[in-house]
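Before any comments, here is the structure.
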Amino acid sequence: MLHEIQQVDTQIFLSLNGAHAPWADMLMYWVTERNTWIPMYALLIIWLIWQYKQQAGGMIGALILTIIIADQTASGLLKPWVERLRPCHVAYLQDKIHLVVEGCGGTYGFASSHAANSFGLATALWLLCGTVIPTVNRPNKYLLWFFPWAALVSYSRVYVGVHYPLDIIAGAIIGVGAAFAAVQIVSFLLARFAKK
């Protein structure tokens with residue numbers, strides 16, 4: 001069963017990774033780089049502080065906790081436990097992969113921390129700017145754009161040749177779960193603090 005799943009996953013990977021173009025190579029190289037998004041993260045923090053004032057500290061704390069949980073679950077726990085090679089480290093795929101990035105990355109790829117972190121951030125933002133944090137009850141519809149952004153970042157990992165689709169799906173699920181856990185933890189702590 002696992003062998004069949006691996007075969008299907010590899011076929012889908014090769015199809016997605018094989019659909020490339022020079023302009024898309026440049027775009028996806030830019031999208032997949034973590035440092036590309038530092039200005040966006042900085043602007044997001046500034047916006048949260050400006051928009052939510054005293055609630056911003058708890059919200060930023062929840063975002064940080066989300067990333068810690070998502071990243072450590074994907075990279076610290078699952079990758080060394082599952083030990084699934086990245087496609088760019090699989091010998092028989094070497095001449096079939098369109099590798100866009102300079103290096104393949106770490107040895108193991110399940111699950112994708114890019115997908116976990118980006119979907120975790122998108123989900124946590126949506127939860128935080130809804131009704132979870134006390135007195136924060138103004139959902140911002142524009143925050144929904146973080147989900148297509150997370151999908152694009154996640155897809156870029158397949159496009160550049162360093163992750164299978166199942167690595168991405170697992171990472172996205174981890175990110176969503178991490179967001180729910182982190183937001184609930186911070187909400188609980190804030191509620192306890194408010195009673196004192």
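List of remarks:
- Candidates Ile49, Ile38 - the one that is exposed (fewer than 14 other Cβ atoms within 10 Å of the Cβ) and among the β-branched types (Val, Ile, Thr): Ile38
- Remark: pairs (first residue in the stretch 83-110, free of Cβ contacts under 8 Å to residues at least 60 places away in the same chain and farther than 15 Å from Val160 by Cβ; second residue open to solvent by less than 80 Å² (accessible area, probe 1.4 Å) and in a loop (DSSP other than H, G, I, E, B); Cβ separation under 6 Å; 6+ apart in sequence or on different chains) = Tyr108/Arg84.
- Restricting the stretch 1-33 to residues that are without any contact (Cβ under 8 Å) to a residue 40 or more places away in the chain, part of a helix (DSSP H, G or I) and under 27 Å from Leu125 (Cβ atoms) leaves a set whose member that is least open to solvent (accessible area, probe 1.4 Å) is Leu27.
- Within the stretch 115-123, not a single residue is in contact with a Gly (Cβ under 6 Å, 6 or more places away or on another chain), polar (S, T, N, Q) and over 24 Å from Phe188 (Cβ atoms).
- Beta carbons closer than 9 Å, at least 6 apart along the sequence or on distinct chains, pair a first residue in the stretch 56-81 that is more than 15 Å from Leu189 (Cβ to Cβ) and at pLDDT 95 or above with a second that is among the β-branched types (Val, Ile, Thr) and open to solvent by less than 40 Å² (accessible area, probe 1.4 Å) for Ala70/Ile174; Thr73/Ile174; Ala74/Ile174; Leu78/Ile174.
- Residue, farthest from the chain's Cα centre (by Cα), within the stretch 139-163, restricted to residues that are within 15 Å of Leu121 (Cα to Cα) and open to solvent by 70 Å² or more (accessible area, probe 1.4 Å): Tyr142
The values are calculated or read from the model by the stated rules, or taken from the named source; none is laboratory data. Predicted model only: the values in this text are computed from it and were never measured. All Cβ positions, glycine included, derive from the backbone under ideal geometry; neighbour counts span all protein chains shown. The protein model used for the area step is the full one, side chains on, heavy atoms only, and it has no ligands, DNA or RNA in it. Shrake-Rupley method; radii C 1.70, N 1.55, O 1.52, S 1.80 Å.
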